[in-house]
Amino acid sequence: LEHTLLDYTCCGIDEVGRGPLAGPVVAGCVVIPADTQSLPFWTDVQDSKMVKAARRTALAHDIMTHTYWGLGIASVAEIDQVNILQATFLAMRRAFDQMTDRHGDTLGQIRPLYALIDGNRTPPGFPAPVQTVIKGDQKSLSIAAASIIAKVARDQMMADLHTEYPMYGWIKNAGYGTAAHMNGLALHGPCPHHRRSFAPVKAML
């Protein structure tokens, strides 16, 4: 991972939940203050999919304690209304806005000069200059940190929804189209948290 630009001049942004058949898409935004760079937990921060769940949860706590961060959510209704790409852009913008709102007293005079965003698409009308980074969660520490806090937050949302709709196995699959999830869809049909614009769900309506 790059250990450069870890200061107030840039933030890292990443999303989770673009591919599932159910649940929101969630984005994280992280600015890493220079005086926290030497903390030992950073050596474990990488692409959230490469970190085991228990360690990921612990890292999310450390990241949210020692950085400036925000989370943004786009709902299932928004995904169905504007499509998943545009909903992802909404979540990214909301994550950036929440970060600057939450840490306004600190970041007011040092608003991030640009955003590093995972992928190859720039959200239209973003409030800061954007540099896209393909496989950014493997190259940028702030993007990797954003992916971790977003994934932990989204996994918890899906675990909470699982208590209401246990038939889809969301506590294990987080809404992705696993065999257990597809079996639940076949037996019970879609629920209000399914993305009705996604083909496997649409076909069952």
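Radius of gyration and Dmax for the range 112-152's Cα atoms, expressed in Å?
10.2, 28
Restricting to the chain, what percent of DSSP beta bridges are antiparallel, rounded to 5? Mind showing how you got there, number by number?
Working: 13 of 22 bridges.
Of those bridges, close to 60 percent are antiparallel.
Give, in whole angstrom and from largest to smallest, the semi-axes √(5λ) of the equivalent ellipsoid of the range 1-96, with λ running over the eigenvalues of the Cα gyration tensor.
Details: eigenvalues 141, 48, 20 Å².
Each semi-axis is √(5λ); the values are 27, 15, 10 Å.
If you count only protein heavy atoms with a 1.4 Å probe, what accessible area per residue comes out for the chain, rounded to a whole Å²? Numbers along the way, then the final one.
On the way: 9640 Å² over 205 residues.
Result: 47 Å² per residue.
With +1 on each Lys and Arg Cβ and -1 on each Asp and Glu Cβ, how big is the dipole of the chain about its Cα centre, in debye rounded to the nearest 20?
Numbers: 18 positive and 18 negative charges, 125 e Å.
Using Cβ point charges on Lys, Arg, Asp and Glu, the chain gives about 600 debye.
Quick check for me: using +1 on Lys/Arg Cβ and -1 on Asp/Glu Cβ, what's the dipole size of the range 102-205 about its Cα centre, in debye to the nearest 20? Please list the in-between numbers first.
On the way: 11 positive and 6 negative charges, 59 e Å.
Magnitude of the dipole: close to 280 debye.
Compute, for the range 1-98, the length of the dipole vector about the Cα centre, with Cβ point charges of +1 (Lys, Arg) and -1 (Asp, Glu) only. Units Debye, rounded to 20.
Working: 7 positive and 11 negative charges, 59 e Å.
Result for the range 1-98 is approximately 280 debye, rounded to the nearest 20.
Identify, among LEU113, PRO20, ALA87, the residue whose Cα sits farthest towards the positive end of the charge dipole of the chain, taking +1 on the Cβ of Lys and Arg and -1 on the Cβ of Asp and Glu, with the dipole about the Cα centre.
Farthest along the dipole direction, towards plus: PRO20.
In degrees between 0 and 90, to the nearest 10, how far off the longest principal axis of the chain does helix 53-66 point, with axes built from Cα atoms?
Between the helix axis and the principal axis of the chain, the angle is about 40 degrees.
In whole percent, what relative contact order does the chain give with Cα contacts below 8 Å and a gap of six or more residues? Write out the running numbers ahead of the final one.
Numbers: 418 pairs, mean separation 62.8, N = 205.
About 31 percent, as a whole number.
Let me confirm the definition first: pairs of Lys residues in the chain, 8 or more apart or on different chains, C-alpha distance under 24 Å. How many are there?
12
Mind putting together the pair-distance distribution for the range 43-90? All Cα pairs, 5 Å bins, whole percent per bin, short to long.
Taking all Cα pairs of the range 43-90, the binned fractions are 5, 18, 18, 13, 16, 18, 10, 1 percent.
Per 10 Å bin from zero, what fraction in whole % of the C-alpha pairs of the chain is there, up to the bin with the longest pair?
9, 36, 33, 17, 5, 0
Quick one: ranking LYS151, LYS202, LYS139 by accessible area, 1.4 Å probe, largest first, what do you get? Please list the in-between numbers first.
Working: LYS151 40, LYS202 130, LYS139 90 Å².
Accessible-area ranking of LYS151, LYS202, LYS139, largest first: LYS202, LYS139, LYS151.
Once neighbouring chains are kept in place and the probe is 1.4 Å, which whole percent of the accessible area of the chain is contributed by carbon and sulfur? Please report the intermediate quantities before stating the final value.
Values: 5290 of 9640 Å².
Accessible surface attributable to carbon and sulfur in the chain totals 55 percent.
The values are calculated or read from the model by the stated rules, or taken from the named source; none is laboratory data. Here the structure is a predicted model, which is why all the values come from computation and not from measurement. Cβ sites come from the backbone with ideal geometry, for glycine too, and all protein chains shown count toward neighbours. What goes into the accessible areas is simple: the full protein's heavy atoms, side chains included, and nothing from ligands, DNA or RNA. Shrake-Rupley method; radii C 1.70, N 1.55, O 1.52, S 1.80 Å.
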